[in-house]
Each structure stands twice: as structure tokens, then as C-alpha cells.
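What follows is calculated from the coordinates using simple rules that are stated; it is not laboratory data. Because the structure is predicted, anything quoted here is derived from the model rather than measured. In this analysis, Cβ positions are derived from the backbone assuming ideal geometry, glycine residues included, and neighbour counts consider all displayed protein chains.
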Amino acid sequence: MIKNLGKNKYFCSTILHQIKPNETIEDIAKLYGITPQFIRQQNPQPLRVGDCFVLKDIDKTFYVVKPCETLEEIARKNKTTVQSLKQKNKITMLFVGQMLEI
């Protein structure tokens with residue numbers, strides 16, 4: 001479930017993830033900042049490439065990029081750093097409407 005926290009900020013507590021080729025549970029856990037055990041607890045069945053599964057109770061805040069915004073502006077507005085935004089989102093450039101994890 002995604003809840004609006006105000007202008008361009010959202011909180012996400014449930015994520016639907018589809019497994020990609022060569023992606024491991026450890027890779028997925030790292031992507032969301034959780035442990036592999038957390039994924040296995042919520043999804044006890046074996047997971048295969050192409051499967052979708054749900055992760056609940058994830059504490060993540062996202063920001064939606066507006067026209068002409070820079071990473072520096074977004075970092076300042078959200079009291080974080082450009083480096084942190086780049087690492088969390090694995091990005092080098094922005095586009096309007098992109099959701100960034102804060």
C-alpha cells in the first residue's frame with residue numbers, strides 16, 4: 001500500500017517484486033534494505049524466475065521527481081545527501097515522475 005505523505009512524498013509498506021533472471025534472494029534483500037530471512041518468512045514457498053511475491057511492512061519513503069529538479073535539490077529538501085540518493089536508487093540521471101527512495 002502506498003500512502004501520500006504530502007506534496008511529492010509517499011510511504012510504501014507493501015511491495016510486489018518479480019524475480020528476474022540470475023537474481024538471488026540476497027540480491028532482493030539488499031535492494032530493499034531487508035534480510036533474506038525476512039523475505040523467506042513472508043514467502044515460504046520456493047521462488048523461481050518470473051514469480052511475483054509480496055513484501056509487507058517495509059518502511060520506505062519515496063519522492064516523486066518534478067520538472068527541472070536536481071539531485072542536489074531533492075537531497076536538500078529531504079535532509080539527505082546526493083550520494084545516499086544515488087546509492088539507494090542506483091541512478092546516474094533523473095526523469096520527471098521517477099520515484100526515488102529517500
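Annotations for the structure displayed:
- Rg/Rh (Cα only; Kirkwood hydrodynamic radius) as it applies to segment 25-76: 1.14
- Full extension of the chain segment joining K88 with R40 gains 15.0 nm, where the gain is 0.36 nm per residue of separation less the Cα-Cα distance.
- Between C68 and R48, full extension at 0.36 nm per residue minus the direct alpha carbon distance yields a gain of 3.2 nm.
- Here Y63, Y32 are placed in order of increasing Cβ neighbour count within 10 Å, fewest first, which gives Y32, Y63.
- Structure-derived Cα Rg over 2.2 N^0.38 Å: which label, when the choices are (i) 1.39; (ii) 1.17; (iii) 1.29: (ii)
- For the chain, the 222 nm mean residue ellipticity estimated from helices alone, with every DSSP H stretch of n ≥ 4 adding -39500 (n - 2.57) and the total spread over all residues, rounds to -7500 deg cm²/dmol.
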